[in-house]
1. Restricted to segment 23-63, and to residues that are in contact with a strand residue (DSSP E or B) (Cβ under 7 Å, 6 or more places away or on another chain) and among the acidic types (Asp, Glu), which residue is surrounded by the most Cβ atoms within 10 Å (Cβ to Cβ)?
2. If we scan segment 67-82, do we find a residue that is open to solvent by 70 Å² or more (accessible area, probe 1.4 Å) and in contact with a Leu (Cβ under 9 Å, 6 or more places away or on another chain)?
3. Among all residue pairs at least 6 apart or on different chains, which show Cβ distances below 6 Å where the first residue, located in segment 27-45, is closer than 30 Å to ASN75 by Cβ and the second is among the aliphatic types (A, V, I, L, M)?
4. Output yes when any residue across segment 87-107 is at pLDDT below 95, open to solvent by 40 Å² or more (accessible area, probe 1.4 Å) and closer than 30 Å to ASP185 by Cβ, and no when none is.
5. Looking at segment 204-212, is at least one residue modelled with pLDDT under 85, more than 22 Å from ASP110 (Cβ to Cβ), surrounded by fewer than 11 Cβ atoms within 10 Å (Cβ to Cβ) and β-branched (Val, Ile, Thr)?
6. Please work out if VAL191 is out of contact with any helix residue (DSSP H, G or I) (no Cβ under 8 Å at 6 or more places or on another chain), assigned to a loop (DSSP other than H, G, I, E, B), open to solvent by 50 Å² or more (accessible area, probe 1.4 Å) and closer than 30 Å to PHE42 by Cβ.
7. Can you name every one of the strands (runs of 3 or more DSSP E) wholly within segment 16-120 that holds 3 or more residues which are over 27 Å from the mean Cα position of the chain (by Cα) and not basic (Lys, Arg)?
8. Looking only at segment 1-15, filter to residues that are part of a loop (DSSP other than H, G, I, E, B) and open to solvent by 90 Å² or more (accessible area, probe 1.4 Å); which one of those is modelled with the lowest pLDDT?
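The values are calculated or read from the model by the stated rules, or taken from the named source; none is laboratory data. Computed from a predicted structure; not experimentally measured. As a convention, Cβ positions derive from the backbone with ideal geometry for all residues, glycine included, and neighbour counts pool all protein chains shown. Heavy atoms of the whole protein, side chains included, go into the accessibility calculation; ligands, DNA and RNA do not. Shrake-Rupley method; radii C 1.70, N 1.55, O 1.52, S 1.80 Å.
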Amino acid sequence: STEEIIDAGTYTINVDIEHLTYTSTFTVTRRTLTLNLDKNEFDYNADVQQPYFYLTDVVEGDKVNVGTETKDTVNAGTYTVSATTLSGDDSNNYVLPEVKTMSYEINKLDITVNTVRHSNIMLSKVTNNITFDTTITGDNGLIDNLVYEVRKGDELIATVTNGVVTVENGKTYGTGTYNVYARIDSVNYNVTERVSGSITVVEDKAYYDVEI
């Protein structure tokens, strides 16, 4: 009789010829699969994002699935993910490739930042809480706060974080007009354009003379 052999494994066959029995063994090796990622690039969106593996080289009609390790990746960066196990009715006939790890990327989000001009401020209030109006294009409402750089030309004079002013060591934040740039301290954003606003610090008397 003839036995139909399909599955991977080692088999023994016996052949009778002229009253003599000959025995031989042979092996059906497991088929090595090709791993593919359903996606290898994402744009940052503040949610967990990761790719999943799918298989090619599966014989038509066979049921084989591949497991993907769970990755809680949120921030922009380069990551790796590995295939774990095979499952399904026909998984015993297959094997994962030697290289089971692939890389994927979460891209920074491109944004433009436009800081709107602030009204004059008196010298005695220069380190009080200050707010700026800023228009951000491309952030999808994901940015919580910004750091503002107060500059005189290229020189950094002070920073403003959540309204709190910090003057740089050795710098004088006196009267005059300063450029103000919004800065984003985050690995998740790429500022493609940064438009400055300005702030003018005046003597207290001059401020009140203007306001009255």
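1. Filtering first and then ranking leaves ASP43.
2. no
3. Listed by first residue and then by second, the contacts come to LEU35/ALA83; LEU37/MET102; PHE42/ILE106; TYR44/ALA76; TYR44/ILE106; TYR44/LEU109.
4. The answer is no, given that none of the residues of segment 87-107 is at pLDDT below 95, open to solvent by 40 Å² or more (accessible area, probe 1.4 Å) and closer than 30 Å to ASP185 by Cβ.
5. At the first step, the residues of segment 204-212 found to be modelled with pLDDT under 85 are 204-212.
Those left that are additionally more than 22 Å from ASP110 (Cβ to Cβ): 204-212.
From what's left, surrounded by fewer than 11 Cβ atoms within 10 Å (Cβ to Cβ): 205, 209, 211-212.
So of that shortlist, the ones also β-branched (Val, Ile, Thr) come out as 212.
Scanning segment 204-212 turns up at least one residue that is modelled with pLDDT under 85, more than 22 Å from ASP110 (Cβ to Cβ), surrounded by fewer than 11 Cβ atoms within 10 Å (Cβ to Cβ) and β-branched (Val, Ile, Thr).
6. So VAL191 fails the test.
7. Working: elements: 20-28, 34-37, 41-43, 53-56, 65-68, 77-87, 101-107, 109-115.
The qualifying strands (runs of 3 or more DSSP E) are 20-28.
8. In the first step, residues of segment 1-15 are kept if they are part of a loop (DSSP other than H, G, I, E, B); the result is 1-8.
Going one step further and asking which of them are open to solvent by 90 Å² or more (accessible area, probe 1.4 Å), we end up with 1-4, 6.
On the way: SER1: 47, THR2: 56, GLU3: 64, GLU4: 72, ILE6: 73.
Step by step, filter segment 1-15, then rank; the result is SER1.
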